[in-house]
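Just so it is clear, none of the values below were taken in a lab; they were calculated from the coordinates. What you see is a predicted model, and the numbers here were worked out from it, not measured in a lab. For neighbour counting, all protein chains shown are included, and Cβ atoms are generated from backbone atoms with ideal geometry for every residue, glycine included.
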Amino acid sequence: MKNKNIEWRKVADNRFGITKMALKDIGYLYPSVGELVGYNGILLGDKVIYKEEVFTVVVVSKVSRSFGLSKNGELPSTVTALPKDVQKYRKQKK
């Protein structure tokens, strides 16, 4: 997800491993309101490593403070993971 209207905010210590969250400005609908689109530098649509496998983030949950992950990059999510349990996927250079 590439968007200039994303703001990263630091959060208080928590058991989910969240250090910062990304909010996408939707002020055109409601002033000063943001849609949650990521945690810890990982945004909706990014590829991540979870349990040594590559997944795509298809859901960022505010309620469960987790990511919904999918192998094919489409909904529905097939795995739920806490932000502390995933790493951003970086393609290996050959």
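If I ask for residues that are free of Cβ contacts under 8 Å to residues at least 40 places away in the same chain, within 21 Å of LYS84 (Cα to Cα) and hydrophobic (A, V, I, L, M, F, W, C), which ones from region 15-36 would you list?
MET21, ALA22, LEU23, LEU36
Return the only residue of SER70, SER66 being farther than 11 Å from VAL86 by Cα and among the small types (Gly, Ala, Ser).
It is SER70.
Among the residues of region 30-83 satisfying the criterion of being outside any strand (DSSP E or B) and crowded, with 16+ Cβ neighbours inside 10 Å, which is nearest to the chain's Cα centre (by Cα)?
This residue is LEU44.
In this structure, does GLY41 turn out to be small (Gly, Ala, Ser) and within 23 Å of ASN5 (Cβ to Cβ)?
Answer is yes for this residue.
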